[in-house]
Structures are given as structure tokens and as C-alpha cells.
Amino acid sequence: MKCTLCPRKCNTDRKKGRGYCGCDDTIKIARVMLHKWEEPCISGTRGSGAIFFSGCPLKCVYCQNMDISHGGVGTEISVSRLSEIFLELQDMGAHNINLVSPTQYADKIREAIDLVRDRLNIPMVYNTGGYELAEEIEKMRGYVDVFLTDIKYFSPDLSKEYSSAEDYYSVSISAFKKMTELVPECKLDANGIMTGGIILRHLVLPSHRADSIKILESVAEICDISKIKLSLMSQYTPDFYKGDIPSLKRRITTFEYDSVVKRATELGYDGYIQEKSSASCAYTPDFTKGDLI
């Protein structure tokens, strides 16, 4: 079968080769962990049961998880093993199952969920870079409780230069609209853990505060932002960037970040504002540790 899971629609037969995402037909994961550094309503006190999938449809030039998104670091596992990992994370006390960069394995993830659906009683979080097909998001209806999604860029020129995806905004906003249809409002349990809804993540990039503001304004025009959570991030670090784009060789300034925070506040967003001190490679997980794999 030729792969059309992501907007690239590379039509690769992944039983015979690797798609644009870098993946073949076998699930590969780089790390499984109780993740304490996600948003408070995801990590809680016990941690989010994060599964980091290898490969990615975007290949952003500044990716902080470069080893797994570009480099293919990871261990191959079966669908049945993935389903067992879900249950093992649940037994460890994870507040949820956090599927990190799942797009290229979405069909197999659904198979794994089906195998243990009757024993899985914690929320399923779909943690994506936002470059998704709306029709594929629709297929996650009944499988995903929380969408933790990026909208990275407004400008086609910027998304082309940084992620080779000129259509990023139009595609991601269409997928976002579908997410709001599937999980129309945030739900929190008695301990403040999200059990349903959307967290919209946005990483403010150096020299591009105006692009960030356009994203916030456009999302506010198409949905009721009181029903979603915003996670505004300042954690961009040049540690992982090896290219020649001058702005990506520095962190964002306080002025740049405060400008975006100010606009988010004016628009009425609720959620999480990351401290500028988070711009450090110390917050990137160590993918040399296998944990449950």
C-alpha cells in the first residue's frame, strides 16, 4: 500500500522502502518514559506516559529531537508490543499515554489501541507538530482524547525555508479545525489533569514575533479560544541548529517573547506561558535510554 498518511503524500510503499518521514512499515520508537516536563495538565504529579516515535513528516531544520526525527534513532517494535507498552505505562501510574510525533504510524497506533481498549482507562494524547491531514485526524475519532498540537508558522515563505512545507499553515489550520470538532472543549479531572480537549502549542522563533502574533490572531478568528488551552513556548535554543540562517543561531530576546505574550493576553487566551529560562538543551530527553522498549 502506498503511504498517504501525512500531507506529503509521498506514495511510498513502506513495505519496500522508507517514506519522506524516514520510516518503513515497522513501528520504531526512540524512548518510553514518564515525562515530567510537559504542560502541568499533562504531566501532573506522576508524569505523562510519553512514547517518542522515530521519524517525522516535517524535518524542521532546528528540531530539538533531531536524532530521532532526522536520524532515525530507535528500536523496532510490533503493534502488539506497542499495546503492551500502553498498559505498562498505565501500571506505572502515568496520567495519560502521550504519543509524541505519531503521524507516520497513526494506522498502527489505532490497531494497538484496539488490542487493549477494554483495559486502557487513561486518556490518549496525540502530540503532533501540526502537519496533519484533516481526513487522517478524523480517523482518530474515538481513539484520541487530547490533541497537543503545534501551529508553527503563518507565513508560507517561513514554513518553506524552515520545514520545506510551504502549505504548512493551510494544512495545519484545517487539521486544527477538525480537532476542535472531535474534542470541542477542555475537560479536567479533580486533580487538574486534562482528560479531553486541545492544547495549542506555539514556539516563538527568533526574528519572527510578527508571524507568531498572526497565528494567535487567526486562531482566535476561527474558534472559541475559551475552549482550548494555549501553550506559548520560549524554549528555542540554537544548540541543535547546524545551518546558516543567522536568526536561528541565537535565542529569542525578552522583547520578542514579551510582545507575543502581550498579544496572547489581549486576545484572551488561557493556558501556559513558558519562562524564558526554558531555552536550554537540558530539557531535551536523553534518547540513549530505552526504558520499556
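Largest GNM mean-square fluctuation across 12, 254, 75, computed for the chain with C-alpha springs under 10 Å, falls on 254.
Residues whose amide H comes within less than 5 Å of that of residue 31, counting only those at least five positions distant or on another chain, are 52 (H built at 1.01 Å from N in the peptide plane).
Kirkwood hydrodynamic radius, segment 28-283, all distinct C-alpha pairs: what's the number in Å? The partial results should precede the final answer.
Details: mean 1/r = 0.0540 Å⁻¹.
Here the Kirkwood hydrodynamic radius works out to 18.5 Å.
Between segment 170-194 and segment 104-128, the C-alpha centres lie 17 angstrom from each other.
Taking Cβ atoms as reference points and 10 Å as the exclusive limit, the residues near residue 47 contribute a net charge of +1, counting Lys and Arg as +1 and Asp and Glu as -1.
Straight-distance candidates among the lysines for linking to residue 16, with alpha-carbon spacing under 26 Å and chain neighbours fewer than 8 residues away dropped: 2, 28, 59, 108, 139. For the options 231, 155, 247, a Gaussian network treatment of the chain with springs between C-alpha atoms closer than 10 Å singles out 247 as fluctuating the most.
Overall, the chain carries a charge dipole of about 480 debye about its Cα centre when +1 sits on the Cβ of Lys and Arg and -1 on the Cβ of Asp and Glu, all other atoms neutral.
Taking a straight line from the alpha carbon of residue 227, these lysines sit under 18 Å away, with near neighbours fewer than eight places off in the same chain left out: 177, 178, 187.
Read-outs: derived from the displayed coordinates by stated rules, not from any lab. This structure is a prediction, so every number in the text was calculated from the model and none was measured. Neighbour counts are summed over all protein chains in view; Cβ atoms, including those assigned to glycine, are modelled from backbone coordinates with ideal geometry.
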